[in-house]
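The values are calculated or read from the model by the stated rules, or taken from the named source; none is laboratory data. Not measured: the values here are computed from a predicted model. Note that each Cβ is placed from the backbone with ideal geometry, even for glycine, and that neighbours are counted across all protein chains shown. Accessible surface is based on the protein model in full, side chains and every heavy atom, while ligands, DNA and RNA are left aside. Shrake-Rupley method; radii C 1.70, N 1.55, O 1.52, S 1.80 Å.
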Amino acid sequence: MLMQGFAGFMWLLSMALILFSGFALIDAAIRREDAYRAADKQTKPFWMIVLGLAFVVNLIFNILSFLPIIGLIATIVYMVDVRPAIKGLPGGGRSRKGSSSDGPYGPWNGGR
């Protein structure tokens with residue numbers, strides 16, 4: 001009975017790590033590449049590789065092994081250091097879907 005409870009807890013903890021690293025990976029993917037340079041952090045491809053590896057490691061390995069802990073540390077560094085720095089930039093570092101004629105106060109309509 002005690003072992004089943006422990007196994008259930010470890011499964012929940014493993015799922016939480018997978019979700020956490022997946023969220024960080026998706027968040028890194030939707031940020032603009034130039035936002036990483038503007039925030040003076042590593043490049044977007046670097047963080048995509050690191051967070052992608054952390055996600056895959058969390059999927060494959062048991063939580064009690066060494067590699068998921070390294071992935072968790074990398075994910076925490078992204079979420080605590082990189083993400084707030086990028087979100088603090090104007091526009092939040094997200095990719096804009098606006099037109100190339102959009103100005104800082106909205107779309108430019110040519111005086112119409």
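Measure off, as a whole percent, the carbon and sulfur share of the 1.4 Å-probe accessible area of segment 17-88, all protein chains present. C and S atoms contribute 74 percent here.
Ranking Thr43, Thr75 from most to least accessible surface, computed with a 1.4 Å probe over the protein chains only, gives Thr43, Thr75. Per-residue SASA remark: Phe20, around 70 Å² accessible (1.4 Å probe; ligands, DNA and RNA not included).
Find out how many positive minus negative residues lie around Arg83, taking Lys and Arg as positive, Asp and Glu as negative, among other residues whose Cβ is under 10 Å from that of Arg83.
Numbers: positive: Arg31, Lys41, Lys87; negative: Asp27, Asp81.
Here the count lands on +1.
Against the criterion of solvent-accessible heavy-atom surface with a 1.4 angstrom probe, Trp11, Trp47 sort, most first, into Trp11, Trp47.
Just to verify a number: FRET efficiency for Ile73 and Ile49, C-beta to C-beta distance, R0 = 22 Å, to 0.05?
0.90
Ranking of Ile86, Ile60 by solvent-accessible surface, largest first: Ile60, Ile86 (1.4 Å probe, protein heavy atoms only, all chains present).
Can you tell me the accessible area per residue over segment 17-88, all protein chains present, probe 1.4 angstrom, in square angstrom?
On the way: 3970 Å² over 72 residues.
Each residue of segment 17-88 exposes 55 Å² on average to a 1.4 Å probe.
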